[in-house]
Amino acid sequence: MIVKSYLAYPDPNGTKTLLDQLNGVERCQAYAADKGELVIVVTESDTEAEDRALLERLEAIEGISHLAFVSAFDETLDSTE
């Protein structure tokens, strides 16, 4: 499983709408930061192709003024190789 996190900067006064859009995307969870000026996005996918498709879907959401990648974890990678 591939788990990634992002920071999404919503358009002005668009946090609620953006949260609704993001939480409507399968395998995506979104949470508003305390002041509502920033949205924390966590995604999960099973394959690289699924992950790319999910990112493309996020990038297509018009209510995001900027999407910043923060971190990733891929349990399919074997650190002993």
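Per-structure values
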| quantity | calculated |
| --- | --- |
| Structure-derived mean projected area of the Cα convex hull in nm² - corresponding label in (i) 4.9; (ii) 7.0; (iii) 5.5 | (iii) |
| Size of charge dipole - the chain - debye, nearest 20, with Cβ of Lys, Arg +1 and Asp, Glu -1, no other charges | 440 |
| With Cα atoms, 0 to 90° folded angle of helix 48-59 axis to the chain main axis | 10 |
| Relative contact order of the chain, pairs being alpha-carbon contacts under 8 Å that are 6 or more residues apart, as % | 47 |
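Readers should treat all values here as calculations from the given coordinates under stated rules, not as data from a laboratory. Given the structure is predicted, the values throughout are model-derived calculations rather than measurements. Using ideal geometry, Cβ is built from the backbone for each residue, glycine included, and neighbour counts are taken over all protein chains shown.
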